[in-house]
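I have placed the structure first, in the form of structure tokens, so that the comments after it can refer back to it.
The values are calculated or read from the model by the stated rules, or taken from the named source; none is laboratory data. Predicted model only: the values in this text are computed from it and were never measured. Don't worry about glycine lacking a Cβ; one is built from the backbone with ideal geometry, like all the others, and counts go over all protein chains shown. The protein model used for the area step is the full one, side chains on, heavy atoms only, and it has no ligands, DNA or RNA in it. Shrake-Rupley method; radii C 1.70, N 1.55, O 1.52, S 1.80 Å.
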Amino acid sequence: MKLKNLNILITGASTGIGSELSRQLAVRGCRLILIARREELLQQLCEEIGTTMRQHQYYVCDVADEKEVQLVCRKIIDSGVSLDVLILNAGVGGGFKARDIDIENFHRQFDVNFWGAVYFLQHLLPAMLKRRKGIVAVTSSLASYRGMPNSAPYSASKAALDRLLESLRVDLWRSGLQFTLISPGFVETPMTAKNKFPMPFMISVQKAVRIIIRGLERGRTKIRFPIPMVILSIIGCWLPDTWWAFLMHNRKKN
């Protein structure tokens, strides 16, 4: 499916991969429905891509809040827009101390990274299934492949997202829908700018989005990048658990 002149919903649209997706898809003539928490950033983005309210819509919404998502989805459905593509991209990270577990931090990352996708699927997937056509894409991470140092909530929430999409693909096989898992490595975004550790093979957000769009158009079930980081992640899955723990524990110290 060519991503041109389609109705596309993007969560986490105000910054990073979400905002760059909005820019590149707007150029392709797509009608965008943009979801994020910060209205001022959504307004700035809409001004940048030259939107009008007749062409595009944006909604201020915390994807972790089930009631807010339900209200927004009801507005979208009532507006009469038939969605061709869902890009459930909203996500948060954060540190983690195994010896002092912060439950609030754990909940927040799962609420955004995992439940924030489930809530939108609950309300918007039925109409897409009825039309038997469309793309459902979620942004996970290569950090979902194995447990990463200081990242238990993030790695776990992204791994849950991986299994969610895989199970949906199985259950809805031959439904007419394409289910695509987007798994980036390190991408230059405001989120990664906060990290204090080495981030090998980092790529620009513009390049990352070009890879994502190309993968979606080619019907990929998995879009993973950059290639060197993907290879390392796959090799990491083959390592014995004790080897992985030893290597990652040393990286944690560094």
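The residue list ILE223, ILE211, ILE182 contains one member that is part of a helix (DSSP H, G or I), of a type outside the set (Gly, Ala, Ser) and modelled with pLDDT of 95 or more, which is ILE211. Please enumerate the residues belonging to region 138-177 that are touching a Gly at 6+ places or on another chain (Cβ under 7 Å) and either without any contact (Cβ under 8 Å) to a residue 12 or more places away in the chain or within 30 Å of THR242 (Cβ to Cβ) (or both). LEU142, TYR145, ARG146, ASN150, PRO153, TYR154, SER155, listed by residue number.
Tell me, please, whether a residue that is among the acidic types (Asp, Glu) and either at pLDDT 95 or above or in a helix (DSSP H, G or I) (or both) can be found in region 186-195. Checked against the condition, which is being among the acidic types (Asp, Glu) and either at pLDDT 95 or above or in a helix (DSSP H, G or I) (or both), region 186-195 yields no hits at all. If you go through region 145-166 and keep only what is part of a loop (DSSP other than H, G, I, E, B) and either of a type in the set (D, E, K, R) or under 15 Å from the mean Cα position of the chain (by Cα) (or both), you end up with just ARG146. Filter region 167-186 down to residues that are under 16 Å from ALA117 (Cβ atoms) and among the small types (Gly, Ala, Ser) and give me whichever is nearest to the chain's Cα centre (by Cα). Filtering first and then ranking leaves SER183.
Give region 37-83 a look and list any residue that's of a type in the set (S, T, N, Q) and surrounded by fewer than 17 Cβ atoms within 10 Å (Cβ to Cβ), or say none. Matches in region 37-83: GLN43, GLN44, THR52, GLN55, GLN70, SER79, SER82. Looking at the structure I just gave you, is LEU86 closer than 30 Å to CYS30 by Cα and buried (at least 21 other Cβ atoms within 10 Å of the Cβ)? Spelling it out, LEU86 is indeed closer than 30 Å to CYS30 by Cα and buried (at least 21 other Cβ atoms within 10 Å of the Cβ).
Of the set (1) more than 19 Å from ILE182 (Cβ to Cβ); (2) open to solvent by 20 Å² or more (accessible area, probe 1.4 Å); (3) out of contact with any Pro (no Cβ under 7 Å at 6 or more places or on another chain); (4) at pLDDT below 95, all apply to LEU129 but (4). The residues in region 110-124 that are open to solvent by 20 Å² or more (accessible area, probe 1.4 Å) and more than 14 Å from LYS67 (Cα to Cα) can be counted, and the count is 2.
Test CYS30 against the criterion of being without any contact (Cβ under 8 Å) to a residue 24 or more places away in the chain and crowded, with 17+ Cβ neighbours inside 10 Å, and give yes or no.
For CYS30, the condition - without any contact (Cβ under 8 Å) to a residue 24 or more places away in the chain and crowded, with 17+ Cβ neighbours inside 10 Å - is not met.
Listed by first and then second residue, the pairs linking a residue in region 35-51 that is touching a residue at least 24 places away in the same chain (Cβ under 8 Å) and small (Gly, Ala, Ser) to a residue that is surrounded by 13 or more Cβ atoms within 10 Å (Cβ to Cβ) and outside any loop (DSSP other than H, G, I, E, B), with Cβ atoms under 8 Å apart and 6 or more places separating them unless they lie on different chains, are ALA36/THR11; ALA36/GLY18; ALA36/LEU42; ALA36/TYR58; ALA36/VAL60; GLY50/ALA26.
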